[in-house]
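The values are calculated or read from the model by the stated rules, or taken from the named source; none is laboratory data. Only a predicted model underlies this, so the values are computations on that prediction, with no experimental measurement involved. Here Cβ is always computed from backbone atoms with ideal geometry, including for glycine, and neighbour counts include all displayed protein chains.
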Amino acid sequence: MAKKVAIIGVGMQKFEFRKEETVEEMIFDVTRNALENCHLSKEDIEAVVYGSAVDAFCGIHNSDKIAIDASGGLLRPTMRNSTSGSTAISTPILGYTHVASGLYNLVMVICFEKMSENVAAQAVFSTVYDEAFVRPIGLNVPIQCGLEARGYLHRYGLTERQMAKVSVKNRGNALSNPYAQLPMKLTVDDVLSSPYLAWPVKRLDTAPVTDGARAVVLASEDVAKELTDDPVWIRGVGRGADSVWFMGRRNYDLGRLDYAYLAAKQAYDMAGIQNPMTEIDYAEVYDPFTYKEMQHCEALGLCPEGGAGRMIDEGISLKEGALPVNASGGLQGEGNPIGAGMSRLCWCYLQIKGQAGACQVPKTVNIAVANAWGGMFQYNAVMVIGRD
Amino acid sequence: MENRVCIVGIGLVESAQSIFELSHKELLFYSTRKALDDAGLERKDIGGAITSSYDFLEGRSLSNQFTLDSIGGVMKPCDLRLGEDGIYSLFAGYMEVMADPSKFVVVASVQKASERDSEGLGYQKLIAASMEPVFSRPVCNSIPNLLGLEPVLAAMEARAFMERSGLKEEQLARVAVKNFNNANSGREKSAINLKAVLESELFSWPIRQLTRAKEADAACTLILASEKKVRAMAQSPVFIRGIGWCSDQSHLAFRQQGLARETKWATHQAYKMAGIQRPDKEINLAEVSDWYAHRELMHCEALGFCNLGEIGSCIADGVFEKEGPLPVNVSGGLLGRGNAIGTSGLTRAAQVALQIRGQANGYQVPGVEVGLAHSWSGIPTATAGVAVLSKW
Amino acid sequence: MTKKEKEPGMTINGEIHVKYRWAVGKAGERFFNELKENKKIMGTRCRQCSRVLVPPRIFCEECFVENMEWVEVEPKGTLTTFGESYFSTDGKRLKEPWMLGIVKLNGSDGGLIHFIGEARPEDMKIGMSMEIVFRDKREGNIMDILYFRPAKK
């Protein structure tokens with residue numbers, strides 16, 4: 001029987017391009033911030049879980065080992081997870097498992113990425129493709145996403161204009177976010193006239209490359225209740241993954257994220273949520289590209305399948321809307337340091353606690369959902385958190 | 001004691017030779033299929049899967065996405081890959097089963113050393129690449145030949161260990177002789193004797209060609225399940241009684257050289273969980289990282305198999321030999337079988353599990369009830385993991 | 001909308017060069033040999049579920065058994081999606097874009113990703129019929145395929 005697990009605090013820091021700090025310093029900063037926010041010291045931490053997607057970005061093999069001292073992990077059990085973009089949520093899920101198993105009562109989860117030191121991020125990205133069937137062709141991330149986005153818009157009749165609205169929303173939301181790299185006041189026309197990376201994805205549909213880290217502190221029920229009288233529980237976790245052979249999946253259409261629907265179902269079943277559209281108060285979904293926010297809203301059941309266009313057109317996902325999505329600015333506004341996309345989870349926590357500062361949405365938030373996506377159109381990890 | 005976690009399926013594909021004709025996806029399929037067959041399960045029974053691999057070792061970033069199909073993970077919650085040695089997937093799998101005892105969890109790892117830089121520099125460059133890039137790496141990159149880096153780093157800790165323990169080079173060499181002979185059990189006697197080891201090519205004293213494990217290809221898959229689910233199954237389960245893992249200081253300069261502190265700390269949790277107080281008496285058999293001959297001895301000390309001052313007499317008395325009271329690396333260890341770096345920790349666990357089941361054909365030690373599998377992630381890390389397995 | 005980049009602090013440059021030689025495996029070896037010698041696209045059919053897999057593998061990831069037979073697959077199929085890019089290798093902007101597409105091959109449950117040639121982005125439509133154009137000089141890798149082009153009637 002799984003033990004109940006709570007999030008008792010988060011550690012934040014600014015996302016920046018070419019952050020001056022080294023990986024170690026970045027991690028130290030966010031660990032210290034998390035411990036301060038929880039009123040704990042590093043001796044209280046029983047285990048540490050690290051998440052970082054691609055060592056090749058920072059050029060340090062086993063980059064987490066460099067930061068053992070900096071994160072309270074010295075002579076503690078530490079484990080490093082790496083599942084591409086979905087690292088952002090699969091890592092706190094690993095942290096959750098540490099506590100739910102009954103083995104640990106207090107776990108620090110740290111997600112980080114330092115990618116802007118890499119002079120040729122695209123060349124690094126090419127190493128994520130299958131060496132025999134894909135790499136020689138020279139696929140790159142913008143085209144990979146162009147392939148998927150085209151399939152998506154085609155399947156459901158959605159438009160670039162709707163994608164652009166997501167960018168305007170999120171970058172505008174980021175103006176209230178002190179940790180954001182690139183908040184911007186934009187119009188739909190600004191986005192539509194930005195240069196194409198690969199149709200339909202334009203520069204202003206794409207989250208910026210950035211450096212940064214996030215931390216989350218997890219506690220077992222007993223410890224959480226000692227430390228706070230308002231714990232935020234991890235109500236549901238879900239994970240889904242599809243075949244590496246994306247050219248020949250059951251569902252030819254990259255537009256429908258079967259594996260994301262699967263992950264969401266697992267998380268909602270565990271959380272006892274049957275109608276996310278009415279039962280979820282707030283969401284932070286993974287939006288490295290604007291169309292991904294739309295796909296994920298559908299897969300997470302925050303709008304009907306194919307209904308993401310309508311969702312943004314009708315203002316449902318605006319900060320003041322009925323179901324706000326990415327009031328922090330999401331990856332679009334904050335930046336996308338791949339592993340540290342755990343920021344989505346951190347903001348869900350802050351919104352529930354009423355600690356989101358200028359990003360706080362006007363409605364009451366009791367239950368929120370966060371997700372992350374990665375791999376070759378492959379992975380999705382979902383977490384539902386909230387009060388009982 | 002609530003539901004314990006067991007190993008119910010074992011699939012190991014190892015080879016002394018490079019496995020060129022199979023891709024790593026195919027290799028991992030074979031070990032997974034073998035494990036499922038061993039457990040009497042099918043893909044539909046899989047509730048989750050965890051893999052471990054190191055991106056740089058493979059030359060693939062996000063390396064887990066490529067092996068998803070091979071672990072039966074399509075459209076399943078298999079989105080977990082650890083950038084750690086294979087034994088860590090056992091640890092994570094253990095926790096998954098404890099959190100949800102209804103699941104069968106596949107834990108797997110594959111490494112093909114044969115795919116790395118044929119000039120032999122592959123792993124060396126990666127060691128340089130894991131050194132902290134501002135203060136340490138520029139020094140490492142300036143050495144005349146990168147082939148010398150790893151042996152020098154290994155030699156530094158070996159010298160410190162020999163200083164602490166008073167051991168001589170010959171005693172270290174005996175570890176290598178033991179393990180090469182163990183690897184050849186049942187077949188012709190190994191040609192590798194003490195003389196051969198001591199005369200093998202010197203890399204950096206006391207690190208020699210035959211006191212340093214060669215790289216190898218391997219794939220290993222284990223299937224874990226809760227005790228409750230195991231009752232109706234074909235194979236007798238192997239219980240995971242205790243697990244522990246740990247990392248020490250990342251900066252070499254701050255560590256205590258010659259002492260495997262991370263292993264010592266990893267045992268704390270594992271022995272506590274397993275209720276072990278006298279490992280030297282209660283452990284029947286161990287598979288311990290012998291990446292270098294001196295490391296096997298450092299680890300025996302850290303695991304509590306003997307005190308520092310007793311190592312010499314343990315070697316002389318054959319305590320760790322196959323017929324001794326605490327056989328270490330009866331399979332031949334990494335020295336004897338080759339080191340599939342990144343997977344070898346999990347293969348240690350598989351070897352111990354086979355011994356407990358009585359299925360170690362050709363090198364079975366009689367009466368193994370409690371065994372220990374140990375993993376160390378290699379120079380320049382200070383990361384270790386330990387699992388205590390038992391018959392009941 | 002340019003933003004002055006922050007002056008970087010002290011930095012140290014470095015590179016990591018590691019060479020690899022990845023095994024293509026049993027399935028890959030047959031596939032690339034047939035491609036090179038015979039200009040054929042080969043798939044593997046799972047005897048259990050009858051799916052024909054391209055790229056071929058020795059096991060079916062659904063049935064999870066090694067029970068396959070080799071079959072030839074038509075070098076023609078349906079375009080499931082495509083994308084174009086104007087970036088050249090040195091980061092400059094090209095006048096004419098290059099295109100990649102994913103094509104589901106007829107008679108298979110799989111497909112390939114490759115360049116699209118002899119076509120302009122405006123002419124491309126999801127669902128259109130495409131055919132493979134092979135290189136004259138082939139080496140036994142995926143680049144033995146030159147590109148997909150719209151199928152000639």
Is there a residue in segment A:270-282 that is assigned to a strand (DSSP E or B) and in contact (Cβ under 8 Å) with a residue 12 or more places away in the chain?
yes
Within 26 Å of A:ARG161 (Cβ to Cβ), touching a helix residue (DSSP H, G or I) at 6+ places or on another chain (Cβ under 9 Å), in contact (Cβ under 8 Å) with a residue 24 or more places away in the chain and not in a helix (DSSP H, G or I): does that describe A:GLY309?
no
I'd like the residue in segment A:350-376 that is assigned to a helix (DSSP H, G or I) and of a type in the set (A, V, I, L, M, F, W, C) and, out of all such residues, is nearest to the chain's Cα centre (by Cα).
A:LEU350
Hits in segment A:191-222 - residues which are away from chain C (no Cβ under 14 Å), over 14 Å from the mean Cα position of the chain (by Cα) and not hydrophobic (A, V, I, L, M, F, W, C):
A:SER220, A:GLU221, A:ASP222
Among residues of segment B:10-48, those that are under 22 Å from B:GLU215 (Cβ atoms), among the aliphatic types (A, V, I, L, M), within 11 Å of chain C (Cβ to nearest Cβ) and touching a residue at least 12 places away in the same chain (Cβ under 8 Å), counted:
3
Among the residues of segment B:238-249, are any in a loop (DSSP other than H, G, I, E, B) and not aromatic (Phe, Trp, Tyr)?
yes
List the pairs whose first member sits in segment A:72-86 and is at the interface with chain B (Cβ under 7 Å from one of its Cβ atoms) and over 26 Å from A:ALA241 (Cβ atoms), whose second member is surrounded by fewer than 24 Cβ atoms within 10 Å (Cβ to Cβ) and modelled with pLDDT of 90 or more, and whose Cβ atoms are under 6 Å apart, counting only residues at least 6 apart or on separate chains?
A:LEU75/B:TRP265
Testing B:GLY362 on (1) closer than 30 Å to B:LYS34 by Cα; (2) small (Gly, Ala, Ser); (3) buried (at least 18 other Cβ atoms within 10 Å of the Cβ), one condition comes back false. Which one is that?
(3)
Would you check which residues across segment A:87-96 are at the interface with chain B (Cβ under 7 Å from one of its Cβ atoms) and small (Gly, Ala, Ser) and list them?
A:SER90
Residue count, segment C:86-132 (criterion: of a type in the set (Ser, Thr, Tyr) and touching a strand residue (DSSP E or B) at 6+ places or on another chain (Cβ under 6 Å)):
3
Please tell me if A:LEU186 is part of a strand (DSSP E or B) and facing chain C (nearest Cβ under 10 Å).
no
Can you find a residue that is closer than 23 Å to A:VAL201 by Cβ and modelled with pLDDT of 95 or more anywhere in segment A:337-344?
yes
Assess whether B:ILE276 counts as being closer than 30 Å to B:ILE19 by Cβ and not in a helix (DSSP H, G or I).
no
Of the residues in segment B:278-330, those that are under 20 Å from B:LYS168 (Cα atoms) and of a type in the set (D, E, K, R) come to B:ASP290, B:ARG295, B:GLU296, B:GLU301, B:GLU310, B:ASP317, B:GLU321
Can you tell me which residues in segment C:33-68 are away from chain B (no Cβ under 13 Å), in a loop (DSSP other than H, G, I, E, B) and within 11 Å of C:ASP109 (Cα to Cα)?
C:SER50, C:VAL54
Residue check, B:PHE203 against (1) more than 27 Å from B:SER53 (Cα to Cα); (2) outside any strand (DSSP E or B), all met but one. Which one?
(2)
Considering only residues of segment C:137-149 that are within 16 Å of the chain's Cα centre (by Cα) and more than 11 Å from chain A (Cβ to nearest Cβ), which is nearest to C:LYS40 (Cα to Cα)?
C:ARG138
With the first residue restricted to segment B:255-267 and required to be within 11 Å of chain A (Cβ to nearest Cβ) and modelled with pLDDT under 90, and the second required to be assigned to a loop (DSSP other than H, G, I, E, B) and surrounded by 24 or more Cβ atoms within 10 Å (Cβ to Cβ), Cβ contacts under 9 Å at 6 or more apart or on different chains are B:ARG255/B:ASP248; B:ARG255/B:ALA382
Helices (runs of 4 or more DSSP H) contained entirely in segment A:1-114, each with at least 2 residues that are under 29 Å from A:THR228 (Cα atoms)
A:23-38, A:87-100
What single numbered condition from (1) buried (at least 24 other Cβ atoms within 10 Å of the Cβ); (2) at pLDDT 85 or above; (3) among the aromatic types (Phe, Trp, Tyr) fails to hold for A:PHE57?
(2)
Can you find even one residue in segment A:258-273 that is of a type in the set (Lys, Arg), within 12 Å of A:MET383 (Cα to Cα) and surrounded by fewer than 24 Cβ atoms within 10 Å (Cβ to Cβ)?
yes
Would you say C:LEU100 is more than 9 Å from chain A (Cβ to nearest Cβ), in a strand (DSSP E or B) and either of a type outside the set (Val, Ile, Thr) or in contact with a helix residue (DSSP H, G or I) (Cβ under 8 Å, 6 or more places away or on another chain) (or both)?
no
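Restricting to segment B:227-254, give me the number of residues that are within 11 Å of another protein chain (Cβ to nearest Cβ) and out of contact with any Ser or Thr (no Cβ under 7 Å at 6 or more places or on another chain).
9
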What's the total number of residues in segment B:219-262 that are closer than 20 Å to B:GLY40 by Cα and hydrophobic (A, V, I, L, M, F, W, C)?
13
Which one of the conditions (1) facing chain C (nearest Cβ under 9 Å); (2) buried (at least 23 other Cβ atoms within 10 Å of the Cβ); (3) modelled with pLDDT of 90 or more does A:HIS154 fail to meet, given that it meets all the rest?
(2)
